[in-house]
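The structure appears below as structure tokens.
The values are calculated or read from the model by the stated rules, or taken from the named source; none is laboratory data. Remember, it's a predicted structure, so these values are computed and weren't measured experimentally. Here the Cβ is made from the backbone with ideal geometry for all residues, glycine too, and neighbour counts use every protein chain on show.
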Amino acid sequence: MSAPNKQYDPVEVAALSAEAVAAARDEALAAIAAARSLDDLKAVRVAHAGDRSALALANAEIGALPPQARAEAGKRVGAARRDVAQALSQRQEVLESERDRRVLEEERVDVTLPWDRAPRGAEHPVTMTSQRLTDVFVAMGYEVAEGPEVEAEWYNFDALNFPPDHPAREMQDTFFVAGPEASARSGIVLRTHTSPVQIRAMLTRPLPLYVVSPGKCFRSDALDATHSPVFHQIECLAVDEGLTMADLRGAINAFVEAMFGEGLRTRLRPDFFPFTEPSADVSMECHVCRGASTRPGGAPCRVCRSQGWIEIAGCGMVNPKVLVACGIDPDRYSGFAFGLGIERSLMIRHGVTDIRDTLEGDVRFSRAFGMEI
Ligand code: PHE
């Protein structure tokens, strides 16, 4: 601020001339009118109405005028500043309502649009396969039987005629559940197959008996493309008067046709299981090449590795010792059983080459089974 002027010096107070004040006001009004946004207007406010604006500086100069000139200059500058303040607040109002209208428009929600539904989830392909397999037996009149996954060694091994020193009982194959003292055997295992459910069924259900038992099993295998420490089996057991291997064969054929395709032949080859006698492994004709890959000129088949046959199950006539262990008279009753891996069936049926795909929970794998997830 200049020192008070004793003599009126028009040069020093040029900023207060009518023209200068009008020019500053007009410039401010033009800038206000030109502001396109609230941000623009903020900058205009600082430039034309802020402390360093021409009109604010002019206002500060009033004190430097000789008293006789102050009133008039004060009025002039005051009027100009009021005009500018009024224009600013009017423009502010206009721009604010424009912004509000735009926001309402841009952020409009159409409440009539169909909503984005939360995915419902779906059954896992292993569950789906398990149910499909179970249904085949249920349709043949079998009942579904289930048993515990944490099982007494007696059901899992002893009652099934595994001798006490059978290698399957080794720690390498079986998960033992620790007893109160970790060193002592608790007699409890994670079941290594679904066969203990056979025992439970024979001990509790009336004869004749036709049951199918799907379920989770555990073996201390390292995880690789074809092994998993946790997997699923499904087992079928029939105990009745006069059952023979022909009945076993018939049940297997019905099941293979329902699961893998009409007219597929099956083959039994001698095998050994402690709980069946005689025992056999079950192969089915390859459902992809139907044996063509083994014939001269036939294209190689990836599914059966051009063997023409695929091993799918273990089977046999229930060992009379097992019937006796369950209090069933082996002279009157006979039984057959077969068991197979559910993941393996799924892999064969759908050409899956790595069992880990069934474990990892990647929905892209499940989606390939045509399920809504
Ligand atoms: N329990 C046998 C296994 O886990 C399969 C099987 C079941 C074999 C029933 C014969 C009869 O390998």
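Are any residues in the range 171-199 within 15 Å of the ligand (Cβ to nearest atom) and either surrounded by fewer than 21 Cβ atoms within 10 Å (Cβ to Cβ) or part of a loop (DSSP other than H, G, I, E, B) (or both), and if so, which ones?
Across the range 171-199, the qualifying residues are Asp173, Thr174, Phe175, Leu190, Arg191, Thr192, His193, Thr194.
The rows are residues; the columns are (1) in contact with a strand residue (DSSP E or B) (Cβ under 6 Å, 6 or more places away or on another chain); (2) surrounded by 15 or more Cβ atoms within 10 Å (Cβ to Cβ); (3) among the small types (Gly, Ala, Ser); (4) touching a residue at least 12 places away in the same chain (Cβ under 8 Å).
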site: Met259; (1), (2), (3), (4): no, yes, no, yes
site: Arg269; (1), (2), (3), (4): yes, no, no, yes
site: Phe273; (1), (2), (3), (4): yes, yes, no, yes
site: Thr276; (1), (2), (3), (4): yes, yes, no, yes
site: Ser279; (1), (2), (3), (4): yes, yes, yes, yes
site: Met284; (1), (2), (3), (4): yes, yes, no, yes
site: Gly297; (1), (2), (3), (4): no, no, yes, no
site: Pro300; (1), (2), (3), (4): no, no, no, no
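Going by the structure shown, is Val138 closer than 29 Å to Ala258 by Cβ, surrounded by fewer than 20 Cβ atoms within 10 Å (Cβ to Cβ) and of a type in the set (Val, Ile, Thr)? If you could, list the steps in order and put the result at the bottom.
Values: closer than 29 Å to Ala258 by Cβ: yes; surrounded by fewer than 20 Cβ atoms within 10 Å (Cβ to Cβ): yes; of a type in the set (Val, Ile, Thr): yes.
So Val138 passes the test.
Can you confirm whether the range 300-311 contains a residue that is modelled with pLDDT of 90 or more and more than 27 Å from Leu223 (Cα to Cα)?
yes
Scan the range 50-61 and tell me whether some residue there is basic (Lys, Arg), at pLDDT 90 or above and surrounded by 15 or more Cβ atoms within 10 Å (Cβ to Cβ).
Taking the range 50-61 as the starting set, the residues that turn out to be basic (Lys, Arg) are 52.
Okay, now just the ones that are also at pLDDT 90 or above, so 52.
Retained after the next criterion (residues that are surrounded by 15 or more Cβ atoms within 10 Å (Cβ to Cβ)): none.
The answer is no, given that none of the residues of the range 50-61 is basic (Lys, Arg), at pLDDT 90 or above and surrounded by 15 or more Cβ atoms within 10 Å (Cβ to Cβ).
Might you let me know whether the range 360-372 holds any residue that is over 30 Å from Arg205 (Cα atoms), buried (at least 20 other Cβ atoms within 10 Å of the Cβ) and of a type in the set (Gly, Ala, Ser)?
Just the residues of the range 360-372 that are over 30 Å from Arg205 (Cα atoms), to begin with: 360-372.
With buried (at least 20 other Cβ atoms within 10 Å of the Cβ) added as a condition, the list becomes 366.
Right, trim to of a type in the set (Gly, Ala, Ser) and you get 366.
Yes: the range 360-372 contains one or more residues that are over 30 Å from Arg205 (Cα atoms), buried (at least 20 other Cβ atoms within 10 Å of the Cβ) and of a type in the set (Gly, Ala, Ser).
Of the numbered conditions (1) outside any loop (DSSP other than H, G, I, E, B); (2) more than 28 Å from Leu41 (Cβ to Cβ), Pro114 fails exactly one; give the number of that condition.
The single condition Pro114 does not satisfy is (1).
Under the condition of being within 14 Å of the ligand (Cβ to nearest atom) and more than 22 Å from Arg205 (Cβ to Cβ), which residue from the range 231-251 is surrounded by the most Cβ atoms within 10 Å (Cβ to Cβ)?
Only one residue fits best here, namely His232.
Restricting the search to the range 318-349, which residues are more than 28 Å from Phe260 (Cβ to Cβ) and assigned to a helix (DSSP H, G or I)? Full working, then the answer.
Step one: of the range 318-349, the residues more than 28 Å from Phe260 (Cβ to Cβ) are 319-333.
If the condition is that a residue be more than 28 Å from Phe260 (Cβ to Cβ) and assigned to a helix (DSSP H, G or I), then Pro320, Lys321, Val322, Leu323, Val324, Ala325 are the ones that fit.
Residue check: is Gly351 in contact (Cβ under 8 Å) with a residue 12 or more places away in the chain and at negative phi?
Details: in contact (Cβ under 8 Å) with a residue 12 or more places away in the chain: yes; at negative phi: no.
Judged against the criteria, Gly351 is not a match.
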